[in-house]
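*Asks:* One structure follows; several queries about it will come next.
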Amino acid sequence: MASSSSSHSNPPCAACKFLRRKCLPGCVFAPYFPPEDPTKFVNVHKIFGASNVSKLLNEILPHQREDAVNSLAYEAEARLKDPVYGCIGAISVLQRQVLHLQKELEATNADLICYTSNEIAVHHQRRMAYGSGVGSYHPNPGYYYYGENPGHGTSYMIFTMI
């Protein structure tokens with residue numbers, strides 16, 4: 001009676017439940033295929049087989065097992081979606097997106113440089129046309145005002161540009 005109550009407190013892992021076997025305390029699948037996520041094991045089993053996954057998990061170091069199972073699960077899901085290319089197909093799509101976005105970023109940066117260069121030039125032209133408070137260009141080329149702007153005061157001198 002005590003053993004039946006302990007089996008109810010620890011449900012079998014998704015692998016043992018799918019394979020219809022008793023989940024023993026040292027089950028290699030239990031830490032990586034929880035009963036709440038049976039699809040993860042089903043996908044891995046369809047692509048790699050339970051026996052191969054068991055062998056793999058027993059051959060690698062315990063601290064590497066979680067990463068290995070996550071990789072197997074990702075590859076299995078990708079293989080089911082795209083039987084020919086698997087995760088390589090997804091990687092190719094992402095690489096093309098990265099290249100496209102890099103080109104778009106380069107174009108945007110070029111536009112930004114052009115825009116800021118034009119803004120600097122326009123600002124410089126406006127400053128020269130309206131005066132900076134110290135001096136400004138005369139409307140006729142070759143002359144420079146110093147002092148007050150023409151028409152805004154009586155004191156100014158005209159210098160010829162060389």
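The values are calculated or read from the model by the stated rules, or taken from the named source; none is laboratory data. Fair warning: this is a prediction, and the values are worked out from it, not measured in the lab. For neighbour counting, all protein chains shown are included, and Cβ atoms are generated from backbone atoms with ideal geometry for every residue, glycine included. These area figures cover heavy atoms from the full protein model, side chains too; ligands, DNA and RNA do not enter into them. Shrake-Rupley method; radii C 1.70, N 1.55, O 1.52, S 1.80 Å.
*Asks:* Taking the stretch 75-89 as the region of interest, how many residues are part of a helix (DSSP H, G or I) and either over 11 Å from ASN43 (Cα atoms) or free of Cβ contacts under 8 Å to residues at least 12 places away in the same chain (or both)?
*Replies:* 4
*Asks:* Does SER92 meet the test of being polar (S, T, N, Q) and either open to solvent by 90 Å² or more (accessible area, probe 1.4 Å) or out of contact with any Phe, Trp or Tyr (no Cβ under 9 Å at 6 or more places or on another chain) (or both)?
*Replies:* no
*Asks:* Consider GLU119 carefully, then state whether it is modelled with pLDDT under 95 and out of contact with any helix residue (DSSP H, G or I) (no Cβ under 9 Å at 6 or more places or on another chain).
*Replies:* Yes.
*Asks:* Any idea which of GLU66, GLU36 is among the charged types (D, E, K, R) and assigned to a helix (DSSP H, G or I)?
*Replies:* Among GLU66, GLU36, only GLU66 is among the charged types (D, E, K, R) and assigned to a helix (DSSP H, G or I).
*Asks:* Here's another thing I want to ask about it. Against the condition open to solvent by less than 90 Å² (accessible area, probe 1.4 Å), under 34 Å from the mean Cα position of the chain (by Cα) and either modelled with pLDDT of 95 or more or not β-branched (Val, Ile, Thr) (or both), how does GLU66 come out, does it pass?
*Replies:* Considered against the rule, which asks whether it is open to solvent by less than 90 Å² (accessible area, probe 1.4 Å), under 34 Å from the mean Cα position of the chain (by Cα) and either modelled with pLDDT of 95 or more or not β-branched (Val, Ile, Thr) (or both), GLU66 comes out as no.
*Asks:* Of the numbered conditions (1) open to solvent by 60 Å² or more (accessible area, probe 1.4 Å); (2) in a helix (DSSP H, G or I); (3) modelled with pLDDT under 95, ALA110 fails exactly one; give the number of that condition.
*Replies:* (1)
*Asks:* Now for a separate question. Output the residues belonging to the stretch 20-42 that are among the aliphatic types (A, V, I, L, M) and free of Cβ contacts under 8 Å to residues at least 12 places away in the same chain.
*Replies:* LEU24, the sole residue that qualifies.
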